[in-house]
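Report on the structure given below.
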Amino acid sequence: MNMYRTVLLLVASLLAFPVAQLHAEKMDMFYFTTQIAGKVPFDHEIHLQKLQNNCSGCHNSIFHIIVKKNPVYTMADMAQGKSCGACHNKSNPRAPQLNNCIRCHQVGDVPITVPDFGTLIFSHDKHLGTFTCGDCHNTLFSTSRNNEHYSMAQMERGKGCGACHDGTTAFSVKKDCSKCHLVKDVSMTGESVFSHKLHLDLSYGCTDCHSKIFVAGPGRAIATMRDMENGRSCGACHDGKTAFSVKGDCQKCHKNVNLIKFKAFNAVFSHPSHTALFKCADCHSSVFIGGARSVRYTMPQMAKGQSCGTCHDGKTAFGVTTNCGKCHLGTPADITFRIKDAGIVSFSHARHKNSFACGDCHNTIFGTGVSAARFTMADMQKGKSCGACHDGKTAFGVKNCGKCHPVKEIRFSDDARFSHERHLGAFSCTDCHNQLYTAGPNNKRFSMSQMRQGASCGACHDGKTAFSVGGDCDKCHMSTVNVIFDSKETGRTFFSHKNHVTLFKCTDCHNGIFAAGKDRKHFTMSDMEKGQSCGACHDSKTAFGVKDGCIRCHPVKQINFNPGTAVFNHKVHIAAYGCRECHPSPYIPGPDNKRNSMALMEDGKSCGGCHDDKTAFGVKGNCQKCHSANQKIIRYELPANTGNVDFNHKVHKEKGYNCTDCHYAVIASGYSNKRWQMKEMDQGLFCGKCHGFSMAFSVKDPKACERCHQKESNWQPPHPQLQ
């Protein structure tokens, strides 16, 4: 693409300027893409300097200035004088020759991925100091990256690199492996390191180990110490004869063996402390098998003489059943028990360690690790687990639940609260759990009516044992909230507890008139008019009636009708009429209310039931009584080449026209999808009723089109005020 752009610039400059000015155009570097030799850069600037800015030296005799017209040339074609070979040849020794490949072809290090040996690097720079490109390309290696992969055996027979690296022309592929293959220290398990350098310095060749004893690379097999003792892997030489044995001199390979940390129990095993007294073979691999086959033992197993317990038996060394702090550093972390029906319980080691030794509990009362068992409260009450001490004598009893199980204030719906702290002052946990309440998320919720029948809180709160759930509401319900009723016909209605509790008690309404919670029932206005629900008080005697005090509960507001600009004001109408004079006939409140056209209103429907010029002003003549003076601009959407038309009510009103001058005489009222054509307007219809005679500019006047139609260049989307 860059090359093509350059050519176009060159053509343009040839047409516009003399040849002497061609150098004023900056020529970009562009690249020839070859199939097997990568991208070859061509620098216009360097060539123009050599040719003294004479473009015709190449164009179009050697290279056509139109890129597509140039054929593809091979290096053989160039050697015969075509393309670049027209200048770069033996007859012009001052120009770089074609056999100087790297003047044009960029070369670099080539990574070669060898299975099982990683990646080795072929250096072009190192080889070009001795050989030319043609010595290898394309006889031994193609210049592409799709060369066949040769094995070492094939190279030893003269393939690939082996054509030169035969021990005569260059070092042999058979022996000097590290000349090409990078070798390094290999880290293995057990803090052991294999040093290639150390072994190569002892005159071993790579083939002494590879691939007879070791298969290099990620597919290699890992041998255990026991495998090595049987002559495999390192043990093939390290047998105590050829080299030191793998059995005894562990630290020859395993250096810097550090602490082994057991994170789960904050325990540490120190190799330095033990190797100062013992040999590695004293433990490995009779007592401990190191590495991936290592086995973890429990404290009870150690107490029976396994693992650390082989020595730590209280005789040879301190016993595993005591002196816990010798291996387990610091204070053990708190243990968290997640109990299905009783929440989270935390056990503090720090608090108990101040009074007891580890052995007081471990491993007599509590099994550690995988030996740990879980006990129920019933088990503890029989003296097991925590109950061994927490029996009410040695320490507080397990029945004193709040000491371990966190208790808190529980909040229910309607701002009802249960205080554990207050109840624990008079009762124990088992008085309620698990007879009345099952602790946890599966606890069942009860209604107030169920409590009055003795369920849940009502088992005690019956007016005898404790205050009754039927009367003292504010003992549990800390506050009251507004209740929102979503009524389909009248929208949201709010009930204010705050207004009522200043005059009445909770029991004046609950649960005689209103059932609270999930037992509550919704009543219609006709039910209330018969004395049910709110109507029990709102009967026009005790309090305002449900019939005549609609707006005391139901919010009323101004209603805007769209499309159009009509507004209905409840406040104005309520001052003269009652709600029931309109609702539910002729209007059903809510989103399902039917919309009526002006024509229907003129026939007495909807607003026309009163607005008939007798009871109230008529719907036909007093438009601005309902439709605001700020009438919207009406946009008629037309194609961009025709231009939209905006009709401005304000402009026409300022000219002295009334609504009825157009509505009903010229334009039918209401919303219509009728689209008028210019031909119809020319005949005096629609806008042509006025805009065709001396009253206003004519729709027939071609010079007046832009009075209504927007220019295509000025076309714009509708303004927010438009409809």
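The values are calculated or read from the model by the stated rules, or taken from the named source; none is laboratory data. Values in this document were obtained by computation on a predicted structure and should not be read as measured data. Cβ: placed from backbone, ideal geometry, glycine included. Neighbour counts: every protein chain shown.
Summary table
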quantity	calculated
Conditions (1) within 28 Å of A350 (Cβ to Cβ); (2) surrounded by 14 or more Cβ atoms within 10 Å (Cβ to Cβ); (3) modelled with pLDDT under 85; (4) among the small types (G, A, S); number of the one not met by G309	(3)
Single residue of the stretch 258-287 satisfying the filter (aliphatic (A, V, I, L, M) and either at pLDDT below 80 or in a helix (DSSP H, G or I) (or both)) that is surrounded by the most Cβ atoms within 10 Å (Cβ to Cβ)	A281
Any hit, the stretch 290-306, residues being touching a Cys at 6+ places or on another chain (Cβ under 9 Å), among the polar types (S, T, N, Q) and under 23 Å from T189 (Cβ atoms)	no
Residue under evaluation S233, criteria (1) surrounded by 16 or more Cβ atoms within 10 Å (Cβ to Cβ); (2) hydroxyl-bearing (S, T, Y); (3) on the phi < 0 side of the Ramachandran plot, criterion not met	(3)
Boolean, C58 is touching a residue at least 60 places away in the same chain (Cβ under 8 Å) and either within 60 Å of the chain's Cα centre (by Cα) or farther than 30 Å from C136 by Cα (or both)	no
Subset of the stretch 337-364 [surrounded by 15 or more Cβ atoms within 10 Å (Cβ to Cβ) and in a loop (DSSP other than H, G, I, E, B)]	A342, N363
Of residues in the stretch 11-47 being at pLDDT 50 or above and touching a helix residue (DSSP H, G or I) at 6+ places or on another chain (Cβ under 6 Å), the one surrounded by the fewest Cβ atoms within 10 Å (Cβ to Cβ)	D28
Extreme residue, nearest to S385 (Cα to Cα), among residues of the stretch 295-336 that are small (G, A, S) and part of a loop (DSSP other than H, G, I, E, B)	A333
Residues of the stretch 436-483 satisfying the condition of being in a helix (DSSP H, G or I) and either in contact with a Ser or Thr (Cβ under 6 Å, 6 or more places away or on another chain) or not charged (D, E, K, R) (or both)	M448, S449, Q450, M451, S456, C457, G458, A459, C473
Test: residue in the stretch 216-231 that is over 20 Å from S286 (Cβ atoms), modelled with pLDDT of 85 or more and in contact with a Phe, Trp or Tyr (Cβ under 9 Å, 6 or more places away or on another chain)	no
The stretch 145-156: number of residues that are in a loop (DSSP other than H, G, I, E, B) and surrounded by 13 or more Cβ atoms within 10 Å (Cβ to Cβ)	2
Qualifying residue in the stretch 418-436 (condition: at pLDDT below 85, at positive phi and not β-branched (V, I, T))	no
Selection status of H274, farther than 26 Å from A373 by Cβ and out of contact with any Asp or Glu (no Cβ under 6 Å at 6 or more places or on another chain)	yes
Hits in the stretch 68-118 (condition: over 47 Å from the mean Cα position of the chain (by Cα), of a type in the set (G, A, S) and either modelled with pLDDT under 90 or at negative phi (or both))	A76, A79, G85, A86, S91, A95
Only one of T139, T113 that is without any contact (Cβ under 8 Å) to a residue 40 or more places away in the chain, within 28 Å of S211 (Cα to Cα) and either in the same structural domain as T169 (by TED's automatic domain parsing) or exposed (fewer than 13 other Cβ atoms within 10 Å of the Cβ) (or both)	T113
Subset of the stretch 456-494 (residues that are surrounded by 15 or more Cβ atoms within 10 Å (Cβ to Cβ), touching a residue at least 12 places away in the same chain (Cβ under 8 Å) and among the hydrophobic types (A, V, I, L, M, F, W, C))	C457, A459, V469, C473, C476
Lone qualifier among G387, G392 - being at pLDDT 80 or above, of a type outside the set (K, R) and not in a loop (DSSP other than H, G, I, E, B)	G387
Selected residue [more than 51 Å from the chain's Cα centre (by Cα), in contact (Cβ under 8 Å) with a residue 12 or more places away in the chain and surrounded by 14 or more Cβ atoms within 10 Å (Cβ to Cβ)] from H663, H611, H573, H554	H663
Out of S285, S355, S307, sole residue that is among the polar types (S, T, N, Q) and under 48 Å from the mean Cα position of the chain (by Cα)	S307
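Residues are listed down the side, and each one gets a yes or a no for (1) of a type in the set (S, T, N, Q); (2) modelled with pLDDT of 85 or more; (3) not in a helix (DSSP H, G or I):
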site	(1), (2), (3)
P639	no, no, yes
T642	yes, no, yes
D646	no, yes, yes
V651	no, yes, no
K674	no, no, yes
S694	yes, no, yes
V699	no, yes, yes
S713	yes, no, no
P718	no, no, yes
